[in-house]
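The values are calculated or read from the model by the stated rules, or taken from the named source; none is laboratory data. What you see is a predicted model, and the numbers here were worked out from it, not measured in a lab. For neighbour counting, all protein chains shown are included, and Cβ atoms are generated from backbone atoms with ideal geometry for every residue, glycine included.
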Amino acid sequence: MQIGKIVSSNSHVDYACQVHGESEAVPVPRAQDYGFGTFVGIEQEDGGYLVGIIYDTRLLNPEFGNLGPRLSPREELAVFSPDYLAEKITLVALMILGSVDAAGNVQQGVPLVAPRLDARVRTLTQKEIADFHRSSTGLCLGYLPMLYAMNNPLAAHLVIHLIAVLGQLFPHEAARLAVLRSNVAWKSSVEPVG
């Protein structure tokens, strides 16, 4: 499902996606379509896509605190001001985990090419998520050090969520993932203390 488009970046692997509003897409994305820990694909011009994960949400409302007079009631704006732009938007922050080229070859970690502005962002299917994490030796999490290095208090929660998702897709890896989850949970509870 298409959820939005790339509108800005904080770094080569950290992007903001503007979620489609009511007049921009059919169907309109629901909140659960772009929730925390959702895997997404960012379309590339060569037919491949970057793989990312949603790690934060920002709600923007420029009208907040603006209690001035209105020339037209909100219901009548579509009739009297059809060019009125709805400026309330939802932004989701994406961390890029790797890429899949047009031939289906997977590369985990920092991609060589950044997405372009307005690149379409969509949710990934369960098969695409599994294929991105599958290697000849089994489950591959080559991007995990990059997630650990995020300077974000949500990073540990993101990794724990990611491990739960992968546990459902790779049940034969449950023991290894349980050890990893325990280590992340322990580290996230001890590190803030000092």
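Miscellaneous remarks
- Among residues of region 22-63, those that are among the aliphatic types (A, V, I, L, M) and touching a residue at least 40 places away in the same chain (Cβ under 8 Å), counted: 6
- Condition met for G47 (closer than 17 Å to G98 by Cα and either under 13 Å from the mean Cα position of the chain (by Cα) or exposed (fewer than 15 other Cβ atoms within 10 Å of the Cβ) (or both)): yes
- Scan of region 142-164 for residues that are under 17 Å from Y55 (Cα atoms), in contact (Cβ under 8 Å) with a residue 24 or more places away in the chain and not β-branched (V, I, T), ordered by number: Y143, M146, L147, M150, N152, L154, A155, A156, H157, L158, H161, L162
- For region 126-139, the count of residues that are free of Cβ contacts under 8 Å to residues at least 60 places away in the same chain, closer than 23 Å to M1 by Cβ and in a loop (DSSP other than H, G, I, E, B) is zero.
- The numbered conditions (1) at pLDDT 90 or above; (2) surrounded by 10 or more Cβ atoms within 10 Å (Cβ to Cβ) are all true for A103 except (2).
- Residue selected from region 97-124 under the condition among the β-branched types (V, I, T) and touching a helix residue (DSSP H, G or I) at 6+ places or on another chain (Cβ under 9 Å), by the criterion nearest to G4 (Cα to Cα): V121
- Residue ID - modelled with the highest pLDDT, chosen from residues in region 147-173 that are closer than 24 Å to Q18 by Cα and either among the small types (G, A, S) or over 15 Å from the mean Cα position of the chain (by Cα) (or both): A155
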